[in-house]
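The values are calculated or read from the model by the stated rules, or taken from the named source; none is laboratory data. On a predicted model such as this, the values are computed, not experimentally measured, just so you know. Virtual Cβ from ideal backbone geometry, glycine too; neighbours counted across all protein chains shown.
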Amino acid sequence: MKEEANTMNNQIKSRVATLDDTHELAHLNAVFNGVQLGPEQLSSRLANPHCVETPIVAEMDNCIVGFASLCLVLRVFYDTPHAELTELFVQEAYRHRGIGRALVVHAECLACEGGATELFVLTGFTNREAHSLYHAMGYEDDDRAMSKVLLNE
């Protein structure tokens, strides 16, 4: 796949994020996750050669309006890597324009190129808008995921 993917209407462009995107990504991450990571921290993480996540941005009107992140990890006990869409966010003013779909398609292409045969998505039980998008794109409910908050003492 090329580093860049366009949708049919050529107004939405998705591409792998670069170091030049860190200011916009820091802002969008704060809006989406409430996490205050500075551009310097994001730059350091993006430049890390051992990073297993690939951030993808969506541009419209020459602005970054959304992002996704693909985690692709080789596994010890399976033939194929584990692929997981770990983030998907589109600014509210730009929703329902195909941007989320374009980001997911880009992540799917990267996962396939990396050798994955499945793409996993975790999303909140009450996030009906995300559920609708994923179901419309052919995703099905699967295994139950569980988590635990670990406290560093």
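Confirm whether Arg75 is of a type outside the set (Val, Ile, Thr), touching a His at 6+ places or on another chain (Cβ under 7 Å) and assigned to a loop (DSSP other than H, G, I, E, B). Yes; evaluated as a whole, the condition is true for this residue.
Assess whether Ile64 counts as being over 19 Å from Cys112 (Cβ atoms) and part of a strand (DSSP E or B).
Judged against the criteria, Ile64 is a match.
Taking segment 14-47 as the range and being outside any loop (DSSP other than H, G, I, E, B) and among the polar types (S, T, N, Q) as the test, the residues that pass are Ser14, Thr22, Asn29, Asn33, Gln41, Ser43, Ser44. Count of segment 1-56 residues, restricted to those that are modelled with pLDDT of 80 or more and within 14 Å of Cys109 (Cα to Cα), is 6. Answer yes or no as to whether Leu85 is among the aliphatic types (A, V, I, L, M) and at pLDDT below 90. Against the criterion (among the aliphatic types (A, V, I, L, M) and at pLDDT below 90), Leu85 does not qualify. Report yes if His96 is more than 15 Å from the chain's Cα centre (by Cα) and farther than 20 Å from Asp143 by Cα, otherwise no. Here the answer is yes, as His96 does meet what is asked.
Conditions (1) surrounded by 18 or more Cβ atoms within 10 Å (Cβ to Cβ); (2) in contact with a Ser or Thr (Cβ under 8 Å, 6 or more places away or on another chain), marked per residue:
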position	(1), (2)
Asn48	no, no
Val76	no, no
Glu84	yes, no
His96	no, no
Ala102	yes, yes
Glu108	yes, no
Ala116	yes, yes
Glu129	no, no
Tyr134	yes, yes
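Looking across Glu108, Glu87, one residue alone is part of a strand (DSSP E or B), within 18 Å of Ile12 (Cβ to Cβ) and among the charged types (D, E, K, R). It is Glu87. Within segment 128-151, if we keep just the residues that are assigned to a loop (DSSP other than H, G, I, E, B) and under 16 Å from the mean Cα position of the chain (by Cα), the residue that is farthest from Leu72 (Cα to Cα) turns out to be Met137.
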